[in-house]
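J.: Quick one: this structure, given as structure tokens, is what I'll be asking you about.
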Amino acid sequence: MSISAVIAEIDREIDRLQQAKKLLTGVSVTKRGPGRPAGAASKTRRVLSPAARAKIAAAQRARWAKQKKSA
């Protein structure tokens with residue numbers, strides 16, 4: 001048996017074992033870097049009500065007025 005045949009057989013065995021691990025764990029076998037896992041990001045954006053938006057705007061205007069008054 002040649003070296004290339006042995007390497008090919010080892011590669012097939014590695015692929016078979018990775019597939020078995022994937023089936024057993026239910027996760028991808030490939031290594032990922034640090035950060036959020038795939039699919040963790042939210043697809044929907046949060047929406048403020050008009051009343052909440054007006055309240056935030058009024059508070060910001062009050063902060064600006066206070067800063068302008070002290071300057």
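The values are calculated or read from the model by the stated rules, or taken from the named source; none is laboratory data. Since we're looking at a predicted model, the values are computed, not measured. Don't worry about glycine lacking a Cβ; one is built from the backbone with ideal geometry, like all the others, and counts go over all protein chains shown.
Rundown of residues vs (1) in a helix (DSSP H, G or I); (2) modelled with pLDDT of 90 or more; (3) loosely packed, with under 10 Cβ neighbours inside 10 Å, yes/no style:
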site	(1), (2), (3)
V6	yes, yes, no
D11	yes, yes, no
L23	yes, no, yes
A40	no, no, yes
R45	no, no, yes
A54	yes, yes, no
R61	yes, yes, no
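J.: Still on this structure, I have one more. Look at Q19 and say whether it is at pLDDT 95 or above and not hydrophobic (A, V, I, L, M, F, W, C).
T.: Values: at pLDDT 95 or above: no; not hydrophobic (A, V, I, L, M, F, W, C): yes.
Taking the combined requirement at face value, the residue does not satisfy it.
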